[in-house]
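Each value in this text was obtained by applying a stated rule to the coordinates, not by laboratory testing. Since the structure is predicted, the reported quantities are computational estimates derived from the model, not experimental observations. Heads up, the Cβs are rebuilt from the backbone with ideal geometry, glycines too, and the neighbour counts pull from every protein chain shown.
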Amino acid sequence: MKKRFSLPYVISLRGGDVPGFFVQKLRFYHLLTKPVIKSVWKEAEHVIANSYRLYELAKQTEPYKTISVIPNGVDTDKYKPICGKHTEISKIRILTVGRLSVQKGLSNLLKACYILNQNGLQGKFTLDILGDGPSRRMLEKLSRNLHLQNAVCFTGWISRKQISIRYNTADIFVLTSLDEGMSNALLEAMASGLPVVASNLAGDNFLINEENALIVPVNNKESLSNALKQLITDDDLRKKMELNSRATAKRFSWAENARAYDSICQTQ
């Protein structure tokens, strides 16, 4: 397009389009496509990553290219806390949202829930898994094998309106990805005022930190279980993190995102 019509273009990096992302699954794909990716990036006026994680990976592929970081945005009017949801809690409601694929590390989450049950928290929590994908059947089988049927619910794909409602009725949001750019679901959950448990590759440190999240090593079910137990049993910690999550998310509006993109496009 640039050569044919003399039109400049900007590249926006999202995750799987960056060599080095989720190498467990994409290593061979990136070996094949890396020369093309490098060529496309070189011709671009600018390359933009949506997280520092992707920025660092992109620099390994093209160290001399100018690359900026512009995080995703979130509609903080659509996704916001509601009053009074903690008035009558019998069980702590844990929530995760996304495509059910190996990348999301959900088998590790189920194993962490099994450990919670073994450590005396059976009946104290539920886990809602919102979404669908190629790993669903395997995850449902694992849930049965771990005797989690009474605690875990697989909803499949539901409407955006229903997802918004689920954020408002949940108490903890979990993101266990083995690799991630910047998760829209994480932003939505934080805008909805949810404390977060996340793997250390699931989000950037300019979004999640010790004030709004418990960050655990990737693919470590024991650490994940300990973090969940801490939030399940500590009401004050949850409430503090709820406020901090919302305050953080308010800095990531779509208006700010658009201004950042416009500024880059205007200077090219």
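Worth pointing out:
- Protection proxy ranking, highest mean first, for peptides 210-216, 49-55, 253-259, 21-27: 49-55, 210-216, 21-27, 253-259, where packing is the per-residue count of other beta-carbon atoms within 10 Å, averaged.
- Residue 257-residue 219 FRET efficiency (beta carbon distance; Förster radius 22 Å; 0.05 resolution): 0.10
- Rounded, prolate or oblate (a/c below 1.5 giving rounded, otherwise prolate when a/b exceeds b/c) for region 173-268 by Cα gyration tensor: oblate
- Candidate values [x] 18.1, 54; [y] 20.2, 61; [z] 19.7, 66 were compared with Rg and Dmax of the Cα atoms in Å computed on the shown model; the agreeing label is [z].
- Calculated mean residue ellipticity, 222 nm, the chain: -13500 deg cm²/dmol, from DSSP H runs (n ≥ 4) at -39500 (n - 2.57) each, averaged per residue and rounded to 500.
- Anisotropy class of region 1-157 from Cα gyration tensor, a/c 1.5 cut: prolate
- GNM result for the chain, Cα springs below 10 Å: residue of 73, 120, 193 fluctuating most strongly: 120
- Listed values for region 90-100 are Karplus-derived 3J(HN,Hα) couplings in whole Hz (6.51 cos²θ - 1.76 cosθ + 1.60, θ = phi - 60°), namely 9, 9, 6, 9, 9, 9, 9, 9, x, 5, 7, and x replaces Gly and Pro.
- Cα gyration tensor shape of region 92-249, rounded if a/c is under 1.5, else prolate or oblate by comparing a/b with b/c: rounded
- Region 92-249 - share of DSSP beta bridges that are antiparallel (%, nearest 5): 5 percent
- Centre-to-centre separation between the Cα atoms of region 216-243 and those of region 1-59: 35 Å.
- Listed pairs 65/104; 25/65; 161/250; 161/240 exceeding 22 Å between Cα atoms: 65/104; 25/65; 161/240
- FRET efficiency, 1/(1 + (r/R0)^6) with R0 41 Å, evaluated for residue 138 and residue 7 via beta carbons: 0.40
- The chain: most fluctuating residue of 183, 159, 223 per GNM, C-alpha cutoff 10 Å: 159
- Gain in span if fully extended, residue 267 to residue 239, counting 0.36 nm per residue against the direct Cα distance: 5.8 nm
- Backbone N atoms of region 189-233 closer than 19 Å to the 7 Å Cα→Cβ label point of residue 247 belong to residues 189-197, 205-215.
- Here each label is just a point 7 Å from Cα along the line to Cβ, and for residue 56 and residue 209 those points are 1.7 nm apart.
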